[in-house]
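What follows is one structure encoded as structure tokens, with my remarks underneath.
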């Protein structure tokens with residue numbers, strides 16, 4: 001009997017139906033899906049968190065603006081408003097508001113110091129220097145104002161002013177390596193070699209990798 005020309009029925013499964021899928025491929029797909037979902041959730045969270053933070057700062061500004069409007073002579077509220085502006089990087093508004101507080105309370109250390117910080121951000125360095133000096137006139141041991149002035153004098157090569165700005169704060173805060181280093185720089189340029197060595201060594205004892213102190217000590221010992 002002649003062989004039939006009718007094609008034989010295939011026993012192989014149709015594509016997508018009954019094909020064997022390796023177990024590792026299934027796991028990989030699941031892991032990738034979880035990663036995409038997790039990344040999306042993280043991005044949404046970061047975006048919401050950032051927006052919430054900005055909104056909180058704006059709300060804080062509005063709150064303190066209302067407080068100051070209700071009592072324009074309340075120095076604490078004025079300083080709080082200025083700091084809210086500062087956190088929002090509205091430095092001009094912050095300076096203006098800190099100045100209002102200082103006009104009411106000339107020895108307000110927080111207002112004087114933060115006004116100096118904002119003035120530095122605005123590039124108004126001479127005004128910032130005066131503000132920091134006023135802090136030290138009221139509180140000679142104020143480490144932040146001393147450090148700000150010390151760094152400013154190093155940056156502008158006004159080495160002869162460092163010691164007077166930093167000495168009292170460094171003596172009152174002996175664990176601050178930066179202040180020791182700044183004093184070392186000042187003493188080095190004043191020709192006070194042994195004092196410079198003492199301060200550089202004190203800085204390195206606290207912070208062994210402090211480059212400015214290491215370089216300064218190498219210079220004065222090499223003289």
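For the subset of the range 59-96 comprising residues that are surrounded by fewer than 16 Cβ atoms within 10 Å (Cβ to Cβ) and closer than 11 Å to residue 115 by Cα, which member is nearest to the chain's Cα centre (by Cα)?
Checking each candidate, the answer is 92.
Quick check on my filter: what residues within the range 137-147 are in a helix (DSSP H, G or I), surrounded by fewer than 22 Cβ atoms within 10 Å (Cβ to Cβ) and either touching a residue at least 12 places away in the same chain (Cβ under 8 Å) or in contact with a strand residue (DSSP E or B) (Cβ under 7 Å, 6 or more places away or on another chain) (or both)?
Passing the criteria: 138, 143, 144, 147.
Tally time: how many residues in the range 173-223 are part of a loop (DSSP other than H, G, I, E, B), under 19 Å from residue 143 (Cα atoms) and in contact with a helix residue (DSSP H, G or I) (Cβ under 7 Å, 6 or more places away or on another chain)?
Matching residues across the range 173-223 total 5.
No value in this document is a laboratory result; all are computed from the given coordinates. Keep in mind the model is a prediction, meaning the values are calculated, not measured. As a convention, Cβ positions derive from the backbone with ideal geometry for all residues, glycine included, and neighbour counts pool all protein chains shown.
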